[in-house]
1. Out of all the residues in the range 64-78, is one or more assigned to a loop (DSSP other than H, G, I, E, B) and crowded, with 20+ Cβ neighbours inside 10 Å?
2. Tell me, yes or no, whether the range 222-230 has at least one residue that is more than 30 Å from Pro152 (Cα to Cα) and among the β-branched types (Val, Ile, Thr).
3. Could you identify the single residue in Pro53, Pro117, Pro86 that is assigned to a loop (DSSP other than H, G, I, E, B), under 28 Å from Gln191 (Cα atoms) and modelled with pLDDT of 95 or more?
4. For the range 37-63: of the residues being β-branched (Val, Ile, Thr) and touching a residue at least 24 places away in the same chain (Cβ under 8 Å), which is surrounded by the most Cβ atoms within 10 Å (Cβ to Cβ)?
5. Could you please let me know if Trp190 is crowded, with 17+ Cβ neighbours inside 10 Å and assigned to a strand (DSSP E or B)?
6. Quick check on the range 138-187: of everything there that is more than 18 Å from Met123 (Cα to Cα) and among the acidic types (Asp, Glu), which residue is surrounded by the most Cβ atoms within 10 Å (Cβ to Cβ)?
Amino acid sequence: MAENELVTPTSETTVANFLPPDFTLDVSHLVTEDDTPVDNLPSEKQMRLLVEPLYTAWAGPGDERPFLAAANVGLFPSLHGEVLVPDVFISLDVTLPDNWWAKGKRAYFFWEFGKAPDLVIEMVSNREGGEADRKLRAYARMGIPYYVIYDPQQLIQPEPLRAYALTPRREYEEISPELFVGLNLGLTLWQGSYENKEDTWLRWCDGEGNLVPTGAELAAQERQRAEVEHQRAEAAEQRAARLAARLRALGIDPNGENS
């Protein structure tokens with residue numbers, strides 16, 4: 001397979017192609033949330049850094065296509081199959097349902113959205129999560145085109161960031177995380193301060209390799225731009241005042257009338 005070749009999930013990953021549009025599955029037995037607080041502080045901030053900028057500053061995959069990005073939301077490929085809750089996922093060409101509080105709408109049910117997510121990210125905080133084996137195989141079975149493991153403490157892999165693409169054999173093949181074909185997005189490690197915490201963070205970059213800014217970064221850029229424009233305006237006024245003074249010293253009215 002060519003590097004970063006995108007494998008589109010087939011109908012094997014969803015029953016949506018076999019259901020009439022007005023058909024509703026009974027999901028009353030499914031646990032879509034258990035209210036168990038399991039996140040740690042670094043992971044919570046990292047997840048927000050991966051979701052918020054996409055809605056704040058990312059232009060999307062192009063052609064005004066919609067997308068859904070979320071953190072800690074369950075993926076349900078079938079009524080009775082394995083359920084996984086990735087730290088972050090992105091799904092292109094889907095929109096949130098109007099009645100998203102309904103039991104059958106408030107998780108990512110493959111048959112409701114009509115497809116698998118395009119990319120999932122798992123962040124490693126201990127050695128018991130199975131990110132490099134059990135979850136890797138499970139996401140491949142679900143037909144997730146791209147799978148990313150971020151291991152900032154290098155607990156289960158020799159480098160902090162690894163990315164995988166799904167092959168036609170429905171297995172994952174390691175690829176570069178710099179660009180995910182079809183998403184117009186890549187991932188990079190960034191040293192800096194986010195929400196007053198200096199650290200190495202996992203950040204999105206666009207197709208040209210530029211960081212996708214956060215809302216705070218966009219606001220800072222706008223303030224800087226406004227300050228530069230203000231300084232330019234002040235400098236222009238000062239130059240005009242100096243020129244007017246010189247003209248007056250020569251007996252010339254700067255407003256166009258000779259004295």
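The values are calculated or read from the model by the stated rules, or taken from the named source; none is laboratory data. As the structure is a prediction and not an experimental result, all values here were calculated from the model. So basically every Cβ, Gly included, is an ideal-geometry build from the backbone, and we count neighbours across all protein chains shown.
1. Going through the range 64-78, the residues assigned to a loop (DSSP other than H, G, I, E, B) turn out to be 64-66, 72-74, 77-78.
Now narrow it down to the ones that are crowded, with 20+ Cβ neighbours inside 10 Å: 77.
Taking every residue of the range 64-78 in turn, at least one turns out to be assigned to a loop (DSSP other than H, G, I, E, B) and crowded, with 20+ Cβ neighbours inside 10 Å.
2. Looking for residues that are more than 30 Å from Pro152 (Cα to Cα) and among the β-branched types (Val, Ile, Thr), one finds at least one in the range 222-230, hence yes.
3. Only one candidate passes the filter, namely Pro86.
4. Val51
5. no
6. My answer is Glu173.
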